[in-house]
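Here's the structure we're looking at; comments come further down.
All of the numbers you see were taken from the coordinates with simple rules; none came from a lab. Quick caveat, the model's predicted, so the values are computed rather than measured. Reconstructed Cβ throughout: ideal geometry from the backbone, glycine too, with neighbour counts over all protein chains shown.
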Amino acid sequence: MQIRQVSAGERPGTFFPLATYAFMPSPWEDEAREKYAQRMRFYETATSLLAEEDGRPLAGVGALAMRQNVRGAVRDMAGVFSVVSDPDARRKGYVRELMTRLLRQTREQGSSVSALYPFRPSFYERFGYVGVPRFRTATFAPEGLAHLLKADLPGEVRRLHMTEGFDDYNALTLRLLGEQHGFAVYDETRAAEFREKPSAWVAIARVDGEVVGAVTYRVDSYGGDLVAGDLLTTGPLGRALLLQFFARHVDQVARVVVRLGTDEVPELWGTDFSVTTEGRVDHPRRGGPMVRLLSIDALNGLHTPAELAVTVEVIGDDLLAGRYRISGEAGTLAVGKSTDEPGATLTCAGLSALAYGVLDPVEVVIRGFGQVDAAAGEVLGALFPKRMPYLFADF
Ligand SMILES: CC(C)(COP(=O)(O)OP(=O)(O)OC[C@H]1O[C@@H](n2cnc3c(N)ncnc32)[C@H](O)[C@@H]1OP(=O)(O)O)[C@@H](O)C(=O)NCCC(=O)NCCS
């Protein structure tokens, strides 16, 4: 078995049969490969590693060049995708070897964090990943938002085809990348595919010309559902404008279904407002995303409210292993090598859970991601207060 990097142009002859067999209904139609080939221009900047034997593709892994906000700092992120092996080649350790190489290579290419959507989280926990929240879905009848129909909000919403609204939508995601913890975006090459999506509407909310909210959606049927993507807003006014827009569909659709981050509390959107908010996770199709640090340097510059320091040892991970002093100074974290006795011994998943704000030190220990003494636990809890990330991107 040999591993080599393949270009986007080589993917139709190599990844296509592996990935289509793994993720799509099959056998597939002849034109499927042609459609796949046409999409490959959006994958020019992705890293694709292939394991093959005598020219036959056996397994592959890929990483998209993305960026992510981690506690206020924007990092290059490897968005892992296309993790597949041929049924004949499964359970032979090929994917383990490919993943190990991919994480090292993407780090060398400059990514200091990584994220993925797992078919089974325990598989990726062994590669240092830890779970972060999956989006929530709010489902409600538009009449529940009737109060907004009469509200005189200082802004406007326009409905466009995604082909026309893409630039504004994309610019908003780039603004939110700078502002929202966990928010992740594709690079320009990959994002360009969404400009060509004639099947999606996008509603753009503006105040004094400035974009303050955007949501993609489609209407399933008259009297049926309006199915929306992520409700992207810069704050409450953007949200109110988009909800008001949904409310105007009261005589057209029975229900609105919209995706949200875990910070949103839809039952507070109105009085007498009936809504079901669901966070549904199951495997392999609806996994919550997972994240990890690829480099300890990713911690430098993250926002923290504490002016404290602690020494930790990271174990069990080739990319992060070592002893470090992590301190909070003037609102940001700093990290450097240390020879002091560590107050905490953490796995990559444990340190990543703290950095992303999904577990506190007590939970890190309970989950088996390390050992933390009482004093170090206090400091780590203050340096890394819990704060739920909202990934947004789906890949
Ligand atoms: C998931 C998949 C890629 C695993 O491939 P594989 O070739 O069996 O993986 P490997 O042999 O390299 O296994 C790596 C390790 O994970 C373990 N592992 C494999 N499948 C696992 C599972 N379902 N759950 C937990 N651990 C698993 C292996 O035992 C091995 O452990 P080891 O290194 O201690 O021996 C393959 O089954 C597949 O293509 N599935 C369909 C597509 C898919 O779901 N892809 C993942 C998308 S996120």
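Listing for the model above:
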item	result
Computed E for GLU210/ALA382 - FRET, C-beta separation, R0 41 angstrom, nearest 0.05	0.70
Intensity falloff of the stretch 227-300 expressed as log10 I(q)/I(0), Debye formula with alpha-carbon point scatterers, at q = 0.11, 0.19, 0.20, 0.21 Å⁻¹	-0.43, -0.95, -1.01, -1.07
The chain - percent relative contact order, Cα under 8 Å, separation 6 or more	18 percent
Cα-derived Rg over Rh, computed across the stretch 136-278 with Rh taken as Kirkwood radius	0.94
Debye log10 I(q)/I(0) for the chain, one point scatterer per Cα, at q = 0.06, 0.07, 0.12 Å⁻¹	-0.27, -0.36, -1.03
Percent RCO, i.e. relative contact order, over the stretch 136-278, from Cα pairs under 8 Å lying at least 6 residues apart	38 percent
Reachable lysines from LYS35, criterion Cα separation under 30 angstrom, eight or more residues apart if same chain	LYS197
Exposed trypsin sites (Lys or Arg not before Pro) absent - longest run of the chain, DSSP non-H/G/I/E/B, at most 15 other C-beta within 10 Å	127-247
Convex hull of the stretch 23-113 built on C-alpha atoms - directionally averaged projected area, nm²	7.7 nm²
Whole-Hz ³J(HN,Hα) from phi, Karplus 6.51 cos²θ - 1.76 cosθ + 1.60, for the stretch 103-108, glycine and proline x	5, 5, 5, 5, 5, 4
Furthest towards positive pole of dipole, TYR21, ASN170, TYR124, structure part the chain, Cβ charges	TYR21
Nonlocal amide H pairs with THR332, under 5 Å, H built at 1.01 Å	THR304
Environment charge of PRO266, counting only residues whose C-beta is closer than 12 Å and scoring Lys/Arg +1, Asp/Glu -1	-1
Alpha-carbon centroid distance for the pair the stretch 340-395 / the stretch 181-243, whole angstrom	33 Å
Simple Cβ-charge dipole of the stretch 1-151, Lys/Arg +1 and Asp/Glu -1, about Cα centre, in debye nearest 20	740 debye
For the stretch 295-383, Kirkwood radius (reciprocal of mean inverse C-alpha pair distance, Å)	12.6 Å
Cα gyration tensor shape for the stretch 1-57, rounded if a/c is under 1.5, else prolate or oblate	oblate
Residue-wise HN-Hα coupling along the stretch 199-214, computed from phi with Karplus coefficients 6.51, -1.76, 1.60 (Hz; x: Gly, Pro)	7, 10, 8, 9, 9, 10, 9, 10, 10, 6, x, 8, 6, 10, x, 7
The stretch 277-325 - Rg (one decimal) and Dmax (whole number), Cα, Å	16.1, 42
Length added when fully stretched, GLU193-ASP282, from 0.36 nm per residue minus Cα-Cα	29.3 nm
